[in-house]
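Here the structure is laid out as structure tokens; the discussion comes afterwards.
Rule-based calculations on the coordinates, nothing more; no lab input. Keep in mind it's a predicted model, so treat the numbers as computed, not measured. Reconstructed Cβ throughout: ideal geometry from the backbone, glycine too, with neighbour counts over all protein chains shown.
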Amino acid sequence: MSENNNTKWVVFIALIIDLISFTVILPLFPSILRQYAQNKQDTFYSLVQGTVHQFRQLVGAPDTPRWNSVLFGGLLGSIFSLMQFLSSPLIGALSDVYGRKRVLLLTMFVNAFSYLIWAISDNFTLFAIARILAGISESNASLSIAIMTDITNKENRGKAMALIGIAFSIGFVVGPIIGAFITTYKSGTSFIFSPALFCLTLIGIEMIYLIIFLKESLPKEKRRKSVTSEASNRLSLINPSSLFNFSPVNGFKQRDRDLYDNMQQGKMFLFIGILMASVQGGYTRRIKPGKEIKTASFAVFLLIPAFILIAFSYSLIQFYIGLSFYAIASAVVVPCLTTVTTKIGQENQKGAILGILRSLGSLARASGPVFACSGKFQCSGVLGPQFAMLLEV
């Protein structure tokens, strides 16, 4: 096995571990927030709750503990994505100057520190600090793409980007399942300590693994001289609205209109993950170089019937047909656009450019749920969830 091929699989395995630790918390948010809500003396929690109350009144959401919890969790998720939006370009640029491995390990150290703070957080303030630090340091994906770009050429880069997509699919299937398991078998403060310790352990294992096996992919002679040196601005092909735009809205819509419980939502995301991994492994990685834009354009059009079917489905068959269209399109669009982006700029600008790509995706994830949530409540009643989905079209 060549050194570059070995590096590719090292990055793939490390990214799966990282994404599992990243997604464990997703099904835990309601339980964690309920735990912190019991502390009536937490000033910062009260401040955030006041902000949520004002937003709830603005969009016309009902004043119930259920919707307060949903909006509260959504606000934390948006803050996390906003931190990624601000930090990803800088971290990418730093990797162009100081090397991928060094910057990757530094961000992982900060990420591990965020999990440590989460593990010892006996109040909401510490938990919020942990989430902010996690958002700032969660750059494994963009740096992994940069490494894949360093070790591949234009002919086989699409296969490498598809491999990144497969890692995402696996991580977003396995992580929430582990989180759901924790919600089933843990109670009290275990909701705080157990998942944080699990994630901290995973990050520790990943760091040791990368220190031993990951080779630096950007030699010193190819690095930029400084972070402020000019980068390419040819990013018009990036469409942030298409980057993982569905997940925050669909679980919300299904729980509200169809009364899906956690297990049913878990099956839904399991279906999406398996189908996306299959498409990325079987089709996306075989897309010929130069065909990425044409293929991605077709996949974007496929999202239109996908969201219409999901919005107006009143049977399980209709709903899963829409999900299938969505999963197939998403499995193609993101890897194709990422592949195109890797061809922009010089070799010593790839980290910064890919950081901007991930930054735009984070901006979409931070703002998208706000618009969808607002549309849902402004169009109250049975059409609310449909309107939230049609915003994507």
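Just a few scattered comments:
- Computed from backbone phi, the HN-Hα couplings of the stretch 88-100 come to 4, x, 5, 5, x, 5, 4, 5, 5, 9, 9, x, 5 Hz, rounded to whole numbers (Karplus: 6.51 cos²θ - 1.76 cosθ + 1.60, θ = phi - 60°; Gly and Pro given as x).
- Relative to its Kirkwood radius, the Cα radius of gyration of the stretch 1-129 gives an Rg/Rh of 1.08.
- Coupling constants for the stretch 338-352 follow from the phi torsions by the Karplus curve (6.51 cos²θ - 1.76 cosθ + 1.60, θ = phi - 60°), and in residue order they are 5, 4, 4, 5, 5, 8, 8, x, 8, 4, 8, 10, 4, x, 5 Hz; glycine and proline get x.
- ³J(HN,Hα), Karplus 6.51/-1.76/1.60, whole Hz, each residue of the stretch 221-227, x for Gly, Pro: 5, 9, 7, 6, 6, 8, 5
- Rounded, prolate or oblate (a/c below 1.5 giving rounded, otherwise prolate when a/b exceeds b/c) for the stretch 126-189 by Cα gyration tensor: oblate
- Take the Kirkwood radius over Cα pairs of the stretch 121-163, plug it into Stokes-Einstein at 20 °C and 1.002 mPa s, and you get 171 µm²/s for translational diffusion.
- Distant alpha-carbon pairs in the stretch 261-350 (separation over 18 angstrom), percent: 52
- Pairs from Lys220/Lys343; Lys8/Lys222; Lys267/Lys291; Lys159/Lys215 whose Cα-Cα separation, in the structure shown, is over 23 Å: Lys267/Lys291
- Listed from fewest to most Cβ neighbours within 10 Å, the set Trp118, Trp9 follows the order Trp9, Trp118.
- For the stretch 1-149, the relative contact order works out to 29 percent when only alpha carbon pairs closer than 8 Å and six or more residues apart are counted.
- In terms of surrounding Cβ atoms within a 10 Å radius of their Cβ, Lys267, Lys40 rank from fewest to most as Lys40, Lys267.
- Neighbourhood charge, 14 Å Cβ-Cβ cut-off, centred on Ile129 and excluding it, Lys, Arg +1 and Asp, Glu -1: -1
- Annotation: peptides 92-105, 168-181, ranked by per-residue average of other Cβ atoms within 10 Å with the highest first, follow the order 92-105, 168-181.
- The order of Glu221, Glu138, going from fewest to most other C-beta atoms within 10 Å of their C-beta, is Glu221, Glu138.
- Global geometry of the stretch 71-135, whether rounded, prolate or oblate, following the gyration tensor of its Cα atoms and the 1.5 cut on a/c: oblate
- Counted charge near Ser278, where neighbours are those whose Cβ lies closer than 15 Å (Asp, Glu -1; Lys, Arg +1): +2
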